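Right, one structure below, let's go through it.
The values are calculated or read from the model by the stated rules, or taken from the named source; none is laboratory data. Please read all numbers here as calculations on a predicted model, not as lab measurements. Glycine also receives a Cβ, built like all others from the backbone with ideal geometry; neighbour counts cover every protein chain displayed.
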Amino acid sequence: MKRLFWRWRRCFTPTMATVAISFYILPVWAGEAVEGSPPIDLFSEALRLVGYLIALGAVALLFVHLGKRIQPKLGASGPVHLIGGRNLAPNAGVRLVRVGRRGWLVGVTRDRVTMLAELDEDDLKSLEEPFR
């Protein structure tokens, strides 16, 4: 999440500043040159600009949140399901994998995957409950 935020901030901050200047601030300055127009309050225009930027940020965060919720559902369409797992060390952990009615407890390291136990359907049902 942090990496995505910094990448988004690096890409869009100059673009948003350019859009803000070109669409909101420049017309305000240009509007003052027209005779007969009412005076323009720069403070209220700045508040409106900040409101638009906050709304844009909220929509971006909504898209990121929805993407995270939808992505696991799209990836879980195959027959292999990762039920859960725990990291035991920086490069080692255990995972509970289900394929159909069969399940395995596997140890995972950087270099290999080792089957620790084969589980039957009753064991899988009892182990899947905490992950739902």
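Values for this structure:
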read-out	value
Residue in region 104-121 that is among the hydroxyl-bearing types (Ser, Thr, Tyr) and either in contact with a helix residue (DSSP H, G or I) (Cβ under 7 Å, 6 or more places away or on another chain) or in a strand (DSSP E or B) (or both) present	yes
Condition broken by SER126, with the remaining ones in (1) among the hydroxyl-bearing types (Ser, Thr, Tyr); (2) in a strand (DSSP E or B); (3) modelled with pLDDT under 90 satisfied	(2)
